[in-house]
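Below is one structure, written out as structure tokens; comments come after it.
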Amino acid sequence: ADVALPPLPKDVTFVVDASGSITQSKLTVTARGLAAALDALRAEDRFNIVVFRDTTTTFQPDLVPATAEYKAAARAFLGGLQARGETDIYKAILPVVQQNPRPGLPNIVVVITDGHPTVGVRDTRLIINGLTADNTRRNSIFAFGGGPTVNRYMMDLLAYRNKGEAHIAANVNEIEKELPAFFSRLRDPILTGISADYGRVDKREVFPQEIPDFFQGRGVTIYGRFEPERDAEFVMRLTGLAGNQRKEMVFRADLRRA
């Protein structure tokens, strides 16, 4: 029988670009949007905020419980941000993706930037490949930006290769509304550390090759190639962690009717 999985506690680190290239007006609406996004954190969640330029400043030394008091303090912290300095994306994200997740629980990194580094590692491919390789604990990276100048290539691929997705608001004035809407889709994680078995289908032909964490209300799309004569009866078995419990789900399909 189908069993509904209760939402898991989650750890979230927001990594916010506050460099001069962002501009103060864009940073202000971003800070307001992030302040509203904190509403999607439950009391059992933990969070932190890392603000970066060429150096980083953290809201707290480590992740803290998402209590009303800490949320209020975080909003005050965000209200005082000033856009200045250079942009070192790689150095800012690296220590965050190397955090150890709590066993069986999701560790989420939300990167909010325009994706244009000005110091440090500046090659987009090196940033994507380096952070993906350094993310050995397989934390999820989600990316958000706003306006027509965002480096979509970096945002999309960095997120895709690290179990996340990217969202770009078309206009800067939409950031305040779209950032909390984007994060609200991550409110209720139900399964993490997912692995898949596709039976006879060659898993090298199935993408994404690393299955993202499951969230209530957020779909996961899997693409693959199959041989109709050989693979007509498709069976996919997923296993994952819900806290200290291992869960298994089996999906079946008749590909002759696809």
At R0 = 41 Å, FRET efficiency that the Cβ-Cβ distance of ARG257 and ALA181 yields, to 0.05: 0.70
Gaussian network model of the chain, springs between alpha carbon atoms under 10 Å - residue of ALA43, ALA74, ALA166 with greatest fluctuation: ALA43
Placed amide H near VAL12: partners under 5 Å, 5+ positions off or other chain: ARG46, PHE47, ASN48, ILE108
Cβ-based charge dipole, the stretch 25-122, positive-most Cα from VAL50, VAL97, PRO65: VAL50
Approximate spin-label separation GLN209-MET249, in nm, with each point projected 7 Å along Cα-to-Cβ: 2.3
Gaussian network model of the chain, springs between alpha carbon atoms under 10 Å - residue of ASN171, ASN162, ASN139 with greatest fluctuation: ASN171
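In Å², what does the accessible area per residue of the chain work out to with a 1.4 Å probe?
Numbers: 12660 Å² over 258 residues.
Solvent-accessible surface per residue comes out at 49 Å².
To the nearest 20 debye, what is the magnitude of the charge dipole of the chain about its Cα centre, counting +1 on the Cβ of each Lys and Arg and -1 on the Cβ of each Asp and Glu?
On the way: 33 positive and 31 negative charges, 27 e Å.
Once rounded to the nearest 20, the dipole reads 140 debye.
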Largest-first ordering by accessible area, 1.4 Å probe, given options VAL110, VAL121: VAL121, VAL110
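Suppose every K and R has +1 on its Cβ and every D and E has -1 on its Cβ; what is the size of the dipole of the stretch 178-258 about the Cα centre, in Debye to the nearest 20? Can you show the working numbers first?
Numbers: 14 positive and 13 negative charges, 31 e Å.
Approximately 140 debye in magnitude.
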Choice from ALA133, ALA92, ALA37 showing the highest fluctuation, given a GNM over the chain with Cα pairs closer than 10 Å: ALA133
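Would you please report the Å³ per residue occupied by the convex hull of the alpha carbon atoms in the chain?
Numbers: hull volume 33.9 nm³, N = 258.
Residue-normalised Cα hull volume stands at 131 Å³.
222 nm [θ] for the chain, helices only, -39500 (n - 2.57) per DSSP H run of 4+, per residue, to 500?
Details: 6 runs with 65 residues, N = 258.
Roughly -7500 deg cm²/dmol at 222 nm, from the helical runs in the chain.
What number comes out for the charge environment of PRO148, summing +1 per Lys or Arg and -1 per Asp or Glu over other residues with Cβ under 14 Å away?
Numbers: positive: LYS26, ARG152; negative: ASP114, GLU174.
Net of charged neighbours comes to 0.
The values are calculated or read from the model by the stated rules, or taken from the named source; none is laboratory data. In this text, all values refer to a predicted model and were calculated from it rather than measured experimentally. Positions of Cβ are backbone-derived with ideal geometry, glycine not excepted, and every protein chain shown enters the neighbour counts. Side chains included, ligands, DNA and RNA excluded: accessible areas come from the protein's heavy atoms. Shrake-Rupley method; radii C 1.70, N 1.55, O 1.52, S 1.80 Å.
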